[in-house]
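> Can you keep this structure in mind? I'll have questions shortly.
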Amino acid sequence: MKLMTRLLAPAAAILATALPALADPIPLPELSAYMNGMKTAEAKFTQVNGDGSISTGQLYIMRPGRMRFEYDPPNEALVMAGGNAVAVFDPKSNGGPETYSLGMTPLKLILDDRIDLGRDNMVTDYREEGPSTIVRAQDPEHPEYGHIELIFTGDPVELRQWVVTDEAGSQTTVILGELETGVSLGTGMFSIRQEMARRGG
């Protein structure tokens, strides 16, 4: 799962801005409502991998269950979540994509049909840090799959960054640019089967 870790998991980089500090963390029900209201989204992203390498690209989200990372050159990799799976397309590989069950990755927690951060044993850390609210969440039924830290700013609430820690303890950070929600996206963008066919797989 090394390639998966390198592409999807982050080092701890906390969002730094000149905004004034919040008095209290944003309430969990408000964060849950924000995430549940996000059906589609698009943003530029910067990814910091566990080895310190950095990639940039464009991120697309279609909840539930779909996500697409398109990396800027010279990185020609593509990561897709769709059909309850995650696929990593690496042009350097002679075979097809590496695929994993979406349910076995912490990304599932932000792609679920309904997100409830108040669920028992889901949130393991919740704090205000400067202008940011940080929520660490895990699958209550499978904490061994790792966890994700979601970093939000408020007024209005916006997801700014996440840090995935996989089952081996490796981290990947994804820092978002301006997140545009309510965008029009086609489901074909998230079809692993269609992407394999397009690549002749």
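The values are calculated or read from the model by the stated rules, or taken from the named source; none is laboratory data. Predicted model only: the values in this text are computed from it and were never measured. FYI the Cβ positions are ideal-geometry reconstructions off the backbone, even for glycines, and counts take in every protein chain you see. Heavy atoms of the whole protein, side chains included, go into the accessibility calculation; ligands, DNA and RNA do not. Shrake-Rupley method; radii C 1.70, N 1.55, O 1.52, S 1.80 Å.
> What does the charge add up to near MET62, with Lys and Arg as +1, Asp and Glu as -1, over the other residues with Cβ less than 9 Å from its Cβ?
Its environment carries a net charge of +4.
> For Cα pairs less than 8 Å apart in space and 6+ apart in sequence, what is the mean separation divided by the residue count of the chain, i.e. the relative contact order in percent?
28 percent
> Give the calculated FRET efficiency between ARG127 and ARG193 to the nearest 0.05, with a Förster radius of 41 Å applied to their Cβ-Cβ distance.
0.50
> Counting only protein heavy atoms and a 1.4 Å probe, tell me what percentage of the chain's accessible area is made up of carbon and sulfur.
49 percent
> In terms of the Cα gyration tensor, with a ≥ b ≥ c the square roots of its eigenvalues, is the range 115-198 rounded because a/c is under 1.5, prolate because a/b exceeds b/c, or oblate?
Note, shape of the range 115-198 comes out oblate.
> Could you list the residues of the range 175-201 with an amide nitrogen less than 18 Å from a label point located 7 Å from the Cα of ASN94 in the Cα-to-C-beta direction?
Once the point is set 7 Å along Cα→Cβ of ASN94, 200-201 turn out to lie under 18 Å by backbone N, inside the range 175-201.
> Which whole number in µm²/s is D for the range 97-160 by Stokes-Einstein, with the Kirkwood Rh taken over Cα pairs at 4 °C and 1.567 mPa s?
The Stokes-Einstein estimate is 102 µm²/s.
> Now for a separate question. About the Cα centre of the chain, how large is the charge dipole given +1 on each Lys and Arg Cβ and -1 on each Asp and Glu Cβ? Please answer in debye to the nearest 20.
In total the dipole reaches around 700 debye.
> Helix 28-37 versus the longest principal axis of the chain: what angle, 0 to 90°, nearest 10, using Cα atoms?
Helix 28-37 sits at roughly 40 degrees to that axis.
> Whole-Hz ³J(HN,Hα) for each residue in the range 163-169, computed from phi via Karplus 6.51 cos²θ - 1.76 cosθ + 1.60 with θ = phi - 60°, x for glycine and proline: what do you get?
10, 9, 10, 7, 5, 8, x
> Can you work out the accessible area per residue across the chain, with the rest of the protein chains kept in place, probe 1.4 Å, in square angstrom?
49 Å²
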